[in-house]
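The values are calculated or read from the model by the stated rules, or taken from the named source; none is laboratory data. All of these numbers come straight from a predicted model, not from anything done at the bench. Cβ atoms come from the backbone with ideal geometry, glycine included; neighbour counts cover every protein chain shown.
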Amino acid sequence: MDLTLIDLWLPILASAVAVFTISSLFHLVIGRHRHDWKPVGDEDALMDLLRGQGVAAGMYTWPHCADPKNMDEAFMTKFAKGPSGVLTVHPTGPFSMGAQLAKWFGFSLSCGVVAAYICTATAVDGSAFMPVFQIAGAVSFVCYSWSGIMDSIWKGVPWAITVSYLIDGLIYGLATGAAFGLLWPSA
């Protein structure tokens, strides 16, 4: 019998709950990423400056070059003089941790769905624990962590932070693989 995504609703849900729980322990109890972010010197002055410039929610770079053919000597001098950077500005208004956590849980569900989809194409009803664990774990590891590598390459995120998040992704992948392996439908 061929499996469908509907047949795998329980491992999808269990993996999302497991990852959500582990990430909550990492961030709220252990404080694993507490030192990943640094404060700016005068936060109030910087916020006033950004408001004064009319900086709305979005992603910004400086120095900015909209077209590679504009990377002239003046641009390169600005870049070399520094500082240069990438800035992400959140929408103005109250911060809702509940909304962020709901989005994170939804993302975790989507990683489980992707793992389930790949598993339905590669494993069969009644497969043993280890092949299912390997497939679901590897797929979800990539889902959770590999985009961080691009952030270090293109956005200047320190490699130590990226490696730390790759380790998180590996642990999330192991949890997802275990959920799928343990809850895989029997023959």
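Results, tabulated for the structure shown:
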| read-out | value |
| --- | --- |
| Answer from 126, 112 - the residue that is surrounded by fewer than 13 Cβ atoms within 10 Å (Cβ to Cβ), more than 20 Å from residue 59 (Cα to Cα), in the same structural domain as residue 25 (by TED's automatic domain parsing) and touching a residue at least 60 places away in the same chain (Cβ under 8 Å) | 126 |
| Every pair of residues 6+ apart whose Cβ atoms lie under 6 Å, when the first sits in the range 42-61 and is within 17 Å of residue 84 (Cα to Cα) while the second is in a strand (DSSP E or B) and polar (S, T, N, Q) | 59/88 |
| Any hit, the range 89-105, residues being more than 30 Å from residue 18 (Cα to Cα) and surrounded by 10 or more Cβ atoms within 10 Å (Cβ to Cβ) | yes |
| 1 or more residues in contact with a Phe, Trp or Tyr (Cβ under 8 Å, 6 or more places away or on another chain) and among the aliphatic types (A, V, I, L, M): qualifying helices (runs of 4 or more DSSP H) within the range 42-149 | 97-122, 129-145 |
| Residue 85, sole failed condition from (1) out of contact with any strand residue (DSSP E or B) (no Cβ under 8 Å at 6 or more places or on another chain); (2) outside the structural domain of residue 156 (by TED's automatic domain parsing) | (1) |
| Hey, residue 9 over 29 Å from residue 160 (Cα atoms), of a type in the set (Phe, Trp, Tyr) and either surrounded by 10 or more Cβ atoms within 10 Å (Cβ to Cβ) or without any contact (Cβ under 8 Å) to a residue 12 or more places away in the chain (or both) or not | yes |
| Residue 24 farther than 16 Å from residue 181 by Cα and among the hydroxyl-bearing types (Ser, Thr, Tyr) | yes |
| Leading residue by the ranking (farthest from residue 83 (Cα to Cα)) among those in the range 136-164 that are of a type outside the set (S, T, N, Q) and crowded, with 21+ Cβ neighbours inside 10 Å | 136 |
| Flag for residue 179 being surrounded by fewer than 16 Cβ atoms within 10 Å (Cβ to Cβ), in a helix (DSSP H, G or I) and among the aliphatic types (A, V, I, L, M) | no |
| Residue within the range 110-121 that is over 20 Å from the mean Cα position of the chain (by Cα) and closer than 25 Å to residue 158 by Cβ present | no |
